[in-house]
Amino acid sequence: MNVIDVFGPFVVLGVVIFVVSVIYLRQGRNHVLEKMIAQLEGGALAAFRGTLTVEESGPSFLRLCQSTTEARNLQFQYRWLVGKGRQAIFDEVIFDASRRLVDLKRKGKSNSASFSEFAAIRMREVSGKHGISIWHVELIPRKGTAIPFVTSDRGYRETSFEQTAPLARVVSVIMSIPVHVIVDGGVWTPGWPPKEPTALS
């Protein structure tokens, strides 16, 4: 018998196992990015592009809504054409520290929840091709499943992160809860995510 016929399938299987293992080890929570967000002062909220637009912001208040055609089109694309899993579907989201409530509005109906019901904000990366990512920003309840409330536009993973991080940071400050960052192991970009905290541009 030919040696390739005998050992070939094992080599292919080994390569597949190696690639899957590397992806698995690269994904998950990234504490360096979490520290970068925690240390971020201020931040350019106006740079964020996604399924909602920043309409009002202050030290204790943030209102996001679907006020542009781009935001509405992006939400439609993610929900019905290219998105996988639960998607951000809200027309308006308000974080109000004076009332300690988050209001989630969809088609004229409003759902309010106390800040105390949530343990963290999560930025979760979803990979595309050629180092392109989107970031879901989610409310993580103390009980139950995550609630995605906004999703970034597609972009190079580092740039998209830098545009989305200030939004996650503002929400975490208003709600007094931490930000968790989950990176996708399938995105291959040399030198990023960083291994040491660096300033966000």
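The values are calculated or read from the model by the stated rules, or taken from the named source; none is laboratory data. Nothing here was measured: the structure is a model prediction, and the numbers come from that model. Ideal geometry is used to build each Cβ from the backbone, glycine not excepted, and the neighbour counts take in all protein chains shown.
Summary of computed values
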| item | result |
| --- | --- |
| Any hit, segment 135-145, residues being over 16 Å from Val183 (Cα atoms), free of Cβ contacts under 8 Å to residues at least 40 places away in the same chain, in a strand (DSSP E or B) and not basic (Lys, Arg) | yes |
| Within segment 45-70, tally of residues that are touching a residue at least 60 places away in the same chain (Cβ under 8 Å) and part of a strand (DSSP E or B) | 6 |
| In segment 76-87, residue surrounded by the most Cβ atoms within 10 Å (Cβ to Cβ) [restricted to those that are outside any helix (DSSP H, G or I) and among the charged types (D, E, K, R)] | Arg86 |
| Among residues of segment 152-177, those that are more than 14 Å from the chain's Cα centre (by Cα) and not in a helix (DSSP H, G or I), counted | 2 |
| Inter-residue pairs, beta-carbon under 9 Å, first more than 17 Å from Ser133 (Cβ to Cβ) and in contact (Cβ under 8 Å) with a residue 12 or more places away in the chain and in segment 164-175, second among the hydrophobic types (A, V, I, L, M, F, W, C) and assigned to a helix (DSSP H, G or I), 6+ apart | Arg169/Ile37; Arg169/Ala38; Val170/Leu45; Ser172/Ile37; Ser172/Ala38; Ile174/Phe115; Met175/Phe115 |
| Candidate set from segment 24-37 (those that are part of a helix (DSSP H, G or I) and at pLDDT below 90); member that is surrounded by the most Cβ atoms within 10 Å (Cβ to Cβ) | Arg26 |
| Single residue of Phe95, Phe90 found to be modelled with pLDDT of 95 or more, assigned to a loop (DSSP other than H, G, I, E, B) and either under 17 Å from the mean Cα position of the chain (by Cα) or buried (at least 18 other Cβ atoms within 10 Å of the Cβ) (or both) | Phe90 |
| Unique match (being in contact (Cβ under 8 Å) with a residue 12 or more places away in the chain, on the phi > 0 side of the Ramachandran plot and out of contact with any strand residue (DSSP E or B) (no Cβ under 7 Å at 6 or more places or on another chain)) among Lys84, Lys107 | Lys107 |
| In segment 54-87, the residues that are within 17 Å of the chain's Cα centre (by Cα) and farther than 16 Å from Arg169 by Cα | Ala71, Leu74, Gln75, Gln77, Tyr78, Arg79, Val82, Gly83, Lys84, Gly85, Arg86, Gln87 |
| Members of segment 66-119 that are farther than 13 Å from Leu52 by Cβ and among the small types (Gly, Ala, Ser) | Gly83, Gly85, Ala97, Ser98, Gly108, Ser110, Ser112, Ala113, Ser114, Ser116, Ala119 |
| Selection within segment 141-175 - touching a strand residue (DSSP E or B) at 6+ places or on another chain (Cβ under 8 Å) and closer than 17 Å to Ala38 by Cα | Phe161, Gln163, Thr164, Ala165, Leu167, Ala168, Arg169, Val170, Val171, Ser172, Ile174, Met175 |
